[in-house]
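Inspection log for the structure reproduced underneath, given as structure tokens.
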Amino acid sequence: MTALEKFFPQVRLDVDRSLNELIPAAGTVPSRLHEAIRWSVFAGGKRIRPAILIAAGTAFGAAINDLSQSAAAVEMIHTYSLIHDDLPAMDDDDLRRGKATCHRQFGEATAILAGDVLQTLAFKAIADDDSLAAGTRIKLISLFAAAAGTPGGMVAGQQLDLDAEGLKLSIEDIEQIHRQKTGALISASAVAGALIGEASDAELEAIGIYSSKLGLLFQITDDLLDITQATETLGKTAGKDLAVEKATYPGHFGIEKTREMAAVICSETREALSPIKRDTALLASFADYVLSRSR
Ligand code: GRG
């Protein structure tokens with residue numbers, strides 16, 4: 001078993017414990033809202049963003065107790081984005097994480113509210129995390145707000161992606177969408193872990209470069225999976241990108257060339273860790289893991 005294979009189940013335990021504490025019980029009034037939130041959060045996501053946050057934090061010597069709430073917070077932001085992305089007004093999807101999407105199960109209005117409140121719960125989790133100094137909490141809130149929002153973050157990236165449907169984009173424009181829509185939150189996860197671990201400015205810069213390459217790699221391999229894998233394996237509808245003419249690397253370069261480019265970005269991601277004189281083996285293995293998903 002690799003170090004990463006041992007690490008993932010431990011992360012799931014820690015993060016799911018925090019999520020369970022932070023999210024009101026299913027029976028809490030209004031129960032439909034809390035059932036909907038729990039339906040989506042505990043539907044079996046891979047917990048990649050929390051894992052990256054915890055791996056980065058651990059590399060810089062942070063204790064798991066100082067990382068768990070921020071790790072849960074990023075998973076809540078991510079899950080909110082998936083719930084809203086699946087809505088009829090966006091991707092109009094029936095399946096997510098192998099289950100009915102939130103709006104299919106609970107109705108569109110409740111799904112919108114479930115996404116809204118997951119975002120506010122995420123920021124509350126960081127603000128209330130008394131294992132962290134007040135200044136660290138403010139830095140984390142600012143970091144995640146920028147990554148999730150606009151102008152350089154996820155929501156702005158989603159708008160760029162919607163605007164691009166059916167258009168032939170340059171590779172620079174495709175990359176920009178990827179960096180914002182998917183990369184920004186992945187990158188913020190790694191930087192958050194490093195911040196909690198009190199990394200130096202130079203180390204934070206290196207982690208920023210590493211994680212922004214990792215985020216790009218993640219979206220490229222996700223696009224490859226959308227083409228090459230079946231719906232049952234993905235737990236979400238396969239082949240959607242092609243159907244709605246989404247701006248993707250495989251759409252621009254074809255599958256084989258995209259695979260080659262992904263391998264190059266994977267090496268660059270690993271190399272970006274070289275200025276950091278800490279144990280970064282786990283962070284390096286994330287790049288291999290992300291690449292291997294598309295093989
Ligand atoms: C609607 C505000 C808003 C933002 C949408 C996240 C996102 C932005 C769109 C999701 C569409 C999508 C499938 C993007 C590809 C990359 C991605 C975010 C995949 C899902 O992440 P995983 O694979 O999912 O980590 P799990 O379910 O394992 O957590």
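Quick rundown of the values:
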| quantity | calculated |
| --- | --- |
| Cut-off 12 Å between beta-carbons: net charge of the residues surrounding R270, Lys and Arg +1, Asp and Glu -1 | -2 |
| Fewest-first sequence of V11, V155, V41 by Cβ atoms within 10 Å of each Cβ | V155, V11, V41 |
| Full-stretch length increase - R295, S142 - with 0.36 nm per residue and alpha-carbon distance subtracted | 51.5 nm |
| Overall dimensions of region 37-151 by Cα: Rg and Dmax, Å | 14.9, 44 |
| Sorted by Cβ density within 10 Å, fewest first, the residues C266, C102 | C266, C102 |
| Cα-Cα over 18 Å, subset of K181/K257; K46/K99; K6/K46 | K181/K257 |
| Computed lengthening from K257 to K240, 0.36 nm per intervening residue step minus Cα-Cα distance | 4.1 nm |
| Segment L167-I227, extension gain: residue separation times 0.36 nm, minus the distance between their alpha carbons | 19.7 nm |
| Amide H partners (placed H, <5 Å) of R96, local residues excluded | T101 |
| The chain shape via C-alpha gyration tensor axes, a/c threshold 1.5 | oblate |
| Positive minus negative residues near L167 (Lys, Arg vs Asp, Glu; Cβ under 12 Å) | -3 |
| Helical contribution to [θ] at 222 nm, DSSP H n ≥ 4, -39,500 (n - 2.57), averaged over the chain, rounded to 500 | -22000 deg cm²/dmol |
| At least 30 Å along the helix axis (C-alpha) and Kyte average at least -0.5, DSSP helices within the chain | 64-85, 201-228 |
| Centroid-to-centroid separation of region 155-205 and region 85-141 [C-alpha atoms, Å] | 18 |
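Read-outs: derived from the displayed coordinates by stated rules, not from any lab. This one's a predicted model, so the numbers in the text were calculated from it and none came from an experiment. Glycine also receives a Cβ, built like all others from the backbone with ideal geometry; neighbour counts cover every protein chain displayed.
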